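Reviewing the structure listed below.
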Amino acid sequence: MVTLVFLQSGMALAENKNPRSEKHDSGWSFHFDNDIFTGTDRNYTGGLAVSVFGKQAVESSISLDSVLQGFNTFTGIDSLWKNKTASSNHAQTWGTLLFTPEDISSASIIPSDRPYACLVFADNSEQNTLYNYKAAYQTSLTVGILGTDFCRTLQNGLHRVFGSDQPNGW
């Protein structure tokens, strides 16, 4: 997922004729991966996310950017390169990550295997490019909820669509 953010941020930067000015809407991305492509249920089983890029990621009514900036100020990260940032690019992502044990047929907890787990999250990030230093740095803040039924419903639905065995341990 991070790779998509870097690629999209880099493309937005390259398209911008004035690299010091971030566009309001620099684009969006959709990320989907699933173990159906590898043929196994074990550990990380899949995820999906939607990201938006540009100033809209900061100005959104559900943006975490003000909290991220507060953290950057509190830790001093923002002062390391103060007045040296050539451009900033922002992203906001909403998504989910699913984790399963290898044996999805068992409805019982398997002590020697990883448990089912689900994370539904929101993330804001800022990438700062320092042209004079030929460097960039990125900070991000992710908040989420563990253990929702959303992932159970999502995985069961995907397994029905692809004709895979139904997971029984959620």
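The values are calculated or read from the model by the stated rules, or taken from the named source; none is laboratory data. Since we're looking at a predicted model, the values are computed, not measured. Ideal geometry is used to build each Cβ from the backbone, glycine not excepted, and the neighbour counts take in all protein chains shown. Side chains are part of the model used for accessible areas, which takes the heavy atoms of the whole protein and leaves out ligands, DNA and RNA. Shrake-Rupley method; radii C 1.70, N 1.55, O 1.52, S 1.80 Å.
Does at least one position in the range 143-153 carry a residue that is touching a strand residue (DSSP E or B) at 6+ places or on another chain (Cβ under 7 Å), open to solvent by less than 80 Å² (accessible area, probe 1.4 Å), in contact (Cβ under 8 Å) with a residue 60 or more places away in the chain and of a type in the set (S, T, N, Q)?
No.
Name the pairs: first residue in the range 93-113 and open to solvent by 30 Å² or more (accessible area, probe 1.4 Å), second residue of a type in the set (Phe, Trp, Tyr), Cβ to Cβ under 8 Å, at least 6 apart or on different chains?
From residues that are open to solvent by 30 Å² or more (accessible area, probe 1.4 Å), the pairs are TRP94/PHE121; LEU97/TYR44; LEU97/PHE121; PHE99/TYR44; PHE99/TYR116.
Could you figure out which of (1) exposed (fewer than 12 other Cβ atoms within 10 Å of the Cβ); (2) in contact with a Leu (Cβ under 6 Å, 6 or more places away or on another chain) isn't true of LYS84?
(1)
Specify which of the listed residues (ASN124, ASN168, ASN128) is more than 30 Å from SER87 (Cβ to Cβ), modelled with pLDDT of 85 or more, surrounded by 13 or more Cβ atoms within 10 Å (Cβ to Cβ) and touching a Ser or Thr at 6+ places or on another chain (Cβ under 9 Å). Working first, answer last.
Numbers: ASN124 fails: more than 30 Å from SER87 (Cβ to Cβ); ASN128 fails: more than 30 Å from SER87 (Cβ to Cβ).
So the residue among ASN124, ASN168, ASN128 that is more than 30 Å from SER87 (Cβ to Cβ), modelled with pLDDT of 85 or more, surrounded by 13 or more Cβ atoms within 10 Å (Cβ to Cβ) and touching a Ser or Thr at 6+ places or on another chain (Cβ under 9 Å) is ASN168.
Say whether the condition of being of a type in the set (Gly, Ala, Ser), in contact with a helix residue (DSSP H, G or I) (Cβ under 9 Å, 6 or more places away or on another chain) and within 27 Å of TYR44 (Cα to Cα) is met by at least one residue in the range 98-113. Working first, answer last.
From the range 98-113, those of a type in the set (Gly, Ala, Ser) are 105-108, 112; that's our starting set.
Next, from what is left, pick out any that are in contact with a helix residue (DSSP H, G or I) (Cβ under 9 Å, 6 or more places away or on another chain): none.
Checking the range 98-113: not a single residue is of a type in the set (Gly, Ala, Ser), in contact with a helix residue (DSSP H, G or I) (Cβ under 9 Å, 6 or more places away or on another chain) and within 27 Å of TYR44 (Cα to Cα).
Can you find a residue in the range 17-40 that is part of a helix (DSSP H, G or I), buried (at least 16 other Cβ atoms within 10 Å of the Cβ) and modelled with pLDDT of 70 or more?
First pass over the range 17-40, keeping only residues part of a helix (DSSP H, G or I): 35-37.
From the residues that got through so far, the ones that are buried (at least 16 other Cβ atoms within 10 Å of the Cβ) too are 35-36.
Pick out the ones that are also modelled with pLDDT of 70 or more and you get 35.
Yes, the range 17-40 has at least one match.
Go through the range 69-98 and report how many residues are under 18 Å from GLU22 (Cα atoms) and at pLDDT 90 or above.
Of the residues in the range 69-98, 6 are under 18 Å from GLU22 (Cα atoms) and at pLDDT 90 or above.
Do you know which of the residues in the range 41-62 that are more than 17 Å from CYS151 (Cβ to Cβ) and within 12 Å of the chain's Cα centre (by Cα) is surrounded by the most Cβ atoms within 10 Å (Cβ to Cβ)? Even if it seems obvious, please write down each step before you answer.
The first filter runs over the range 41-62 and keeps only residues more than 17 Å from CYS151 (Cβ to Cβ), leaving 51-62.
Of the ones still in play, those that are also within 12 Å of the chain's Cα centre (by Cα) are 51-52.
Details: SER51: 22, VAL52: 19.
Result: SER51.
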